[in-house]
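Accompanying notes for the structure given below.
The values are calculated or read from the model by the stated rules, or taken from the named source; none is laboratory data. Fair warning: this is a prediction, and the values are worked out from it, not measured in the lab. Methodologically, a virtual Cβ is constructed for each residue, glycine included, from the backbone with ideal geometry; neighbour enumeration extends over all protein chains shown. For the accessible areas, the whole protein counts, side chains as well, though only heavy atoms, and no ligand, DNA or RNA atoms are used. Shrake-Rupley method; radii C 1.70, N 1.55, O 1.52, S 1.80 Å.
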Amino acid sequence: MDLSLTREQQELIKSVQEMANRDIKPFALKGSSKYKEKMLLAMARMNLLCPTVPQEYGGLGLDLFSTALVVEELAAASPGMAAIVAATLHAAEPILLAGTEQQKSEFLPLLTGAHGGSAAFALTESAGGSDLNNIASYAEAVPDGYLLNGSKDYMINAGMARFISVVAAIDNRGKKSSLRIFLVPGSAAGIVTEEIYQTSGINLTSVGRVKFDDVHIMDQQVVKSREAGSGYLLLTQTFDVGRALVGALAVGIARAALEQALDFADNRLQSGTPIKKHQAVAFTLADMATDIEMARLMTWKACWLIDQGGDYSVASAMAKLASSSMAQRVTCSAADILGARGYLHGTLIEQLVRDARVLSTIEGTNHIQRLLISSQL
Amino acid sequence: MSFRDIGIKIQSAREEKGLSQEQLARLIGCSQSALSNYEKGKRRLYLSQLEKMAEILDKPLEYFVETLGHNQHPPVVPDRNQSFVEIMNQLNRLTDEDISEVMNYVRYLEWKRSGRA
Ligand SMILES: Cc1cc2nc3c(=O)[nH]c(=O)nc-3n(C[C@H](O)[C@H](O)[C@H](O)COP(=O)(O)OP(=O)(O)OC[C@H]3O[C@@H](n4cnc5c(N)ncnc54)[C@H](O)[C@@H]3O)c2cc1C
């Protein structure tokens, strides 16, 4: 594994950074929908809403390693915007992995170009979060496809997704082999956004509960419709990819916190010297930087393995576990360095602490990551 | 459903087909140690790999994904906690009538074990 970035990757980082500093960062804390639209547009103009979509479907065709570089930059500017992209990447992944040509050409272009939008991945239900045996959403076979019924909770990009990749069972409720991934256009009749939550962090992201009420789905909108067992396997695989990207999200959030803490420590005078000259603060900053580098390398390794088609299940679970815990530590350390200012509502550092909180819950809680890792030791 | 369950199914299907680990590994294009890890449940298998394996072993994909019935288990020490969770999940789906039948059967098993059979 070569850790040096290619020229293209360096240029990609630079251009995303320039856009993020100009069009996202200055507005990230404002949190109104007016700014959100502008930020989304700026990202869409650079074709960043789902960078893994191949070029023939209008995307950038980036590998996961380069995509992680993009997600880190976006997260450093606005974790909420990065979460929108991460959810979109997750929703597109089953199509990229196992979709038919028709599914690819129908759904992937919806996420690309200046007019591209986001997508959502709908697995969690009120009774079934970590437990895949408890998926109650059910798609009943009808002559020309399925009728989907159920309710999905805590879905990122609720009410704004161009399409939703919905996990539901087609028969024998409770059997893993009956799970399938349904590609449901966001405008389909019968989709009701029941509630958009006020979340503690990743503001600007629309997280909500969505009901599917007799939503009619054609057979060709189901990924691997005829193959019993495929949905469960695809689900686990998309999570393994998604987890590596949570690593990148975590690194971006932590980096933003470190940058704030460094800037403050350089300028804040106590006992006549900048606080960075106090060893306790300097060492904390050193630990934070080391922690971030460790998480970044683990994330890169997981992404690299995914791109190589290697054995990445453990690596991505470890990257997610280590990076999310790291981001929670680093943001709290940064808040400590900022002293009282780190406790004020509406400040960047207070926001980053709350943003980092979600990382141990999404894409499988950190307990579940430990289960996955330990079962493969 | 754990990787171990999938691994057990792979091992059973491989043995049913009369293939050694080396032979199957060669057919699916992985090393014997990788296959051994899949069978031991120490590695996750993805859809495309399992599709290939299912084709070679003449089994539907579903066979590998569904939870094991007791007659499919090779002699491994069962994880009792996991079994309890599975039983609870299954019971949850039964009617009251079914549950009282299950209770009768449990009482019968206890009676049999107590040596009165
Ligand atoms: C901001 C946000 C965005 C989200 N976005 C999405 C989305 O886009 N799509 C989507 O489908 N879901 C989404 N989720 C849901 C998220 O994936 C779930 O919250 C998560 O999987 C946990 O499920 P749960 O909340 O039901 O908790 P539970 O599964 O009920 O878990 C509760 C606690 O028990 C622990 N636990 C559960 N089972 C075990 C076990 N077997 N062993 C050890 N510990 C266990 C968990 O780790 C946790 O600490 C989002 C959640 C949030 C907060």
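Of note:
- Förster radius 25 Å - calculated FRET efficiency between A:C332 and A:Q279, Cβ distance, rounded to 0.05: 0.80
- Applying the criteria of a DSSP loop state and at most 15 other Cβ atoms within 10 Å to the trypsin sites (Lys or Arg not before Pro) of segment A:127-173 yields A:R173.
- Alpha-carbon Rg/Rh ratio, for segment A:232-375, with Rh computed the Kirkwood way: 1.07
- Counting only residues at least eight positions apart within a chain, or on another chain, the aspartates and glutamates with an alpha carbon under 13 Å from that of A:K38 are A:D23.
- Under 19 Å from A:K176, Cα to Cα: lysines that are on another chain or at least 8 residues apart: A:K152, A:K224, B:K9, B:K59
- 0 to 90° range, to nearest 10: angle between helix A:348-357 axis and chain A longest Cα axis: 40 degrees
- Cα-based Rg of segment A:7-117 normalised by 2.2 N^0.38 Å, two decimals: 1.03
- Residue by residue, segment A:16-29 carries 3J(HN,Hα) couplings of 5, 4, 4, 5, 5, 5, 8, 9, 10, 3, x, 10, 4, 7 Hz when phi is fed to the Karplus relation 6.51 cos²θ - 1.76 cosθ + 1.60 (θ = phi - 60°); x denotes Gly or Pro.
- Computed with a 1.4 Å probe over protein heavy atoms only, the accessible surface of segment A:7-117 comes to 40 Å² per residue.
- Other residues whose C-beta falls under 11 angstrom from the C-beta of A:A189 contribute a net charge of -2, scoring Lys and Arg +1 and Asp and Glu -1.
- Fraction of beta bridges assigned by DSSP in the protein assembly as shown that are antiparallel (%, nearest 5): 85 percent
- Interface A:B - total buried accessible surface [probe 1.4 Å, Å², rounded to 100]: 2000 Å²
- Each Lys or Arg adds one and each Asp or Glu takes one away; over the other residues whose Cβ falls under 11 Å from the Cβ of A:A120, this sums to +2.
- Placing a label point 7 Å from the Cα of A:Q220 along the Cα-to-Cβ line, the residues of segment A:97-139 whose backbone N sits under 13 Å from it are A:100-107.
- Positive-end residue, the protein assembly as shown charge dipole about Cα centroid, Cβ charges, pick of A:S225, A:N134, B:L27: A:N134
- Sites A:M294 and A:T361, calculated FRET efficiency, Cβ-Cβ separation with R0 30 Å, nearest 0.05: 0.90
- Percent carbon-and-sulfur accessible area, chain A, ignoring ligands, DNA and RNA, probe 1.4 Å: 53 percent
- Extension gain, A:E8 to A:A127, is 38.3 nm, computed as 0.36 nm per intervening residue step minus the present C-alpha separation.
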